[in-house]
Every structure is written in structure tokens, then in C-alpha cells.
Amino acid sequence: MQYRTLRMLAFAIAVSLGLAASARAEVIQLIDNTQISGKIVHFYDGTFAIETSAGQKIELPTSKIKQITFKLPPARAEFSTPEKTFNRYKDALIKGDMPKVIDCYALMYQGMLAQQLSSGGEDLKKMQSEVAGMKFAIKGSKISGSSATLKVQRQKGDDVETSEIRLVRENGEWKMTP
């Protein structure tokens, strides 16, 4: 299995396990300037279903909402450089730590990868056996605005291959893309 396929498989399995829960919060400002902090969980027929930060579930029609502001969590240090993101991914992949593996990917690819690789546990076992004993080395990096490329060499026995890994900056963190 190619290195790129390994990355996609690990990511998709973690997504299918529901490990990519959103850590965002919204602030809903009502027409009367009252503010509600919570998470939008559903929208249908002009009504938002919101779970407040206190755990209450309320429904608000759009006619009562003045503005919605989205707040994202602060950037984490372990994703502050493309190299740190890759090293976190590599370590998690070798250990089979799917929550950490999925955390290394850009949010926009989760659904696509989960659909492509929804076959389940046997692919995970195959992937783990293929990376067992594999050595990784970062051979170079290039950052251009909100995108980056890492040249990564992987070696298993006499088999040596160098690949490019692309990353994007997402909420202040470097995340891998397939």
C-alpha cells in the first residue's frame, strides 16, 4: 500500500469512529441583543436547534437572530509547524492512536476519506503491519503562505521512498491533506 493511501486509511478509520468531533462554539446574538453561547446542532425550516454551553437545548427561529459569530478553539503547540504535525501523525500512526492520527488532517477532507475507506478494522490492521518497523525522516520543508510541503523519506529494510506531504494552515494549526 502506498504511503499516501496509508495516510488516507488512518484518517478515514478515525473519522468513521466519530473521533473528529467539532470543538467550536457559536455566539448567537438575538434581535434584543441578548447573547447565547452554544453549539448549533441542527437547522431545519428556518429554525436553529442549539445546545447551550450550560447543556440546555433550545430552538430559535432565524427571525429572532440578529447575528451568529463562530469561535474556534485556540491553536495548539503540537501543530505549530508542519514538522511537528507530521511527527505527531507518524508517532500516532505507529502506535495505532486513531484520535491523534485524525487530529493531524484538515477538516475539509474528513467526509471524503471516511467514505473512501469505510471497510473497517481489517484495513487498520493491514496498515499497522505495513508501517511496523518503518523509519521516517523529514528531508525538507517549504512554507508558502497558508500551505506547506514536506519531503519525507520512509525506509523499511532496503526499500526507500521519498514523498511530498502537503499541509494547510487551519485555525492557526498545520494540518495534512490527502
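Bear in mind these aren't lab numbers, they're just calculated from the coordinates by the rules spelled out. Source: prediction; values computed, not measured. Every residue, glycine among them, receives a Cβ derived from its backbone with ideal geometry; neighbour counts consider all protein chains shown.
Points worth noting:
- Both numbers refer to the Cα atoms of segment 25-71; Rg and Dmax are 9.5, 25 Å.
- Taking amide hydrogens as placed 1.01 Å from N in the peptide plane, the amide H of Asn171 sits under 5 Å from that of no residue at least 5 positions away in sequence or on another chain.
- Were the residues from Ser53 through Ser129 laid out at 0.36 nm apart, the gain over their Cα-Cα distance would be 23.1 nm.
- What the Cβ-Cβ distance of Asp97 and Val160 gives, at R0 = 25 Å and to the nearest 0.05, is a FRET efficiency of 0.45.
- 3J(HN,Hα) along segment 66-78, derived from phi through the Karplus expression 6.51 cos²θ - 1.76 cosθ + 1.60 where θ = phi - 60°, amounts to 8, 7, 10, 10, 9, 10, 9, x, x, 5, 9, 4, 5 Hz, with x in place of Gly and Pro.
- Among the listed pairs Lys151/Lys175; Lys90/Lys156; Lys90/Lys139; Lys90/Lys126, those beyond 18 Å (Cα-Cα): none
- Stretching Asp45 away from Lys64 to a fully extended chain increases their span by 5.4 nm, per 0.36 nm per residue minus the current alpha-carbon distance.
- Chain lengthening between Glu26 and Asn171 when straightened (0.36 nm per residue, less Cα-Cα): 50.7 nm
- Here Lys64 is the anchor, and the lysines within straight C-alpha reach of less than 30 Å, apart from those fewer than 8 places off in the same chain, are Lys39.
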